[in-house]
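Input: a single structure, listed below in structure tokens.
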């Protein structure tokens, strides 16, 4: 659940609901902890104002960081679905991973470079305000310069899928020429950093008074570990499905049902016999819709005999379809995005097959096992995963 703020350079900006939580926590911690400690003797109200302004500057800096990723990606021809600010900072939703190690490096380094730039700008303003003795302004811009420097340095840690981890993957990719292998190494290193952060967080919880910092480190470590695992899985899938078309994985022996038969018959003679999760509804070779096990379960069992398939099916106008020449990777993305389990494969309005998530997963599994038994083909390594959540140039907030 997120709130759309608008668009910048053609990239949609959204606020996730968790942003409001972290904004309050950050403002509170600055107003009651950091600012009074670093700059004692000021009114409490002023601390809260400075804390709120500093929090806004921080998230604006994170947004600038992510926009740098998105700008370079768009310049290189990669589609960007949007940027979301959330609990751990921000994420750029680039729909395809870079097609070369050079592109990977440029997109990944753009974020830290933007943060270094802001650190310099805010640092210059801080020095000017300090010389002019502008009071609270000095505090705000000192924090802005410091936090952008920390943001840049933290994101350069080689913990995949953070920027530093992606830069590491770019270097390994360029050296070895193996995108999947580079991803596996980067993900392992990222996992090590994630575990170190979580151990450090537990240490702070048990042996110091820094409760909030400990919790924050544990959450960031968990976030990095989850991100590394997800990115590795996506890379494995993209490599396995490289150059694979829907027509190669679809089932051509498609069982269909008539619209006038009862749900009782469908349940007993189709779902039980063939064990499919859904069936196309046809009449005289014309597709009318699809009925799934979920649709039948919405009807009380004592009404199955009197209820016909046409009464519960999803009409053809609402069906998500594909074509035999569509990349299997795109079909998988479509299945996930539309939250459906199967796609009818149509050619000129004619049914030629059906592809399910199981069909694609089976292909990934078989190719993965074969790849483990023999060296991969270097010519297939540059096809990337076309998923809106694949490239996450995340910018976790510092503790």
*Taking the condition outside the structural domain of residue 64 (by TED's automatic domain parsing), under 30 Å from residue 29 (Cα atoms) and buried (at least 19 other Cβ atoms within 10 Å of the Cβ), does residue 205 pass?*
no
*Considering every residue within region 369-376, establish whether at least one is loosely packed, with under 12 Cβ neighbours inside 10 Å, part of a loop (DSSP other than H, G, I, E, B) and at pLDDT below 75.*
yes
_Per-region count, region 149-159, residues surrounded by fewer than 20 Cβ atoms within 10 Å (Cβ to Cβ) and part of a helix (DSSP H, G or I)_ = 3
*Test residue 177 against the stated conditions and say whether it is under 31 Å from the mean Cα position of the chain (by Cα) and on the phi > 0 side of the Ramachandran plot.*
yes
*Name the residues in region 244-270 that are in a helix (DSSP H, G or I) and either in contact (Cβ under 8 Å) with a residue 60 or more places away in the chain or under 23 Å from residue 346 (Cα atoms) (or both), would you?*
246, 247, 248, 249, 270
*Please state which one of 287, 296, 261 is buried (at least 18 other Cβ atoms within 10 Å of the Cβ) and at pLDDT 90 or above.*
296
*asked:* Need a quick list: helices (runs of 4 or more DSSP H) entirely within region 1-94 having at least 1 residues that are buried (at least 22 other Cβ atoms within 10 Å of the Cβ) and within 19 Å of the chain's Cα centre (by Cα).
replied: 44-75
*Any idea which residue in region 286-307 is nearest to the chain's Cα centre (by Cα), counting only those that are in a loop (DSSP other than H, G, I, E, B) and touching a residue at least 12 places away in the same chain (Cβ under 8 Å)?*
298
*Matching option when the condition is part of a helix (DSSP H, G or I), without any contact (Cβ under 8 Å) to a residue 60 or more places away in the chain and surrounded by fewer than 18 Cβ atoms within 10 Å (Cβ to Cβ), among 134, 168, 146*: 146
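The values are calculated or read from the model by the stated rules, or taken from the named source; none is laboratory data. Quantities reported herein were computed from a predicted structural model and do not represent experimental measurements. Note that each Cβ is placed from the backbone with ideal geometry, even for glycine, and that neighbours are counted across all protein chains shown.
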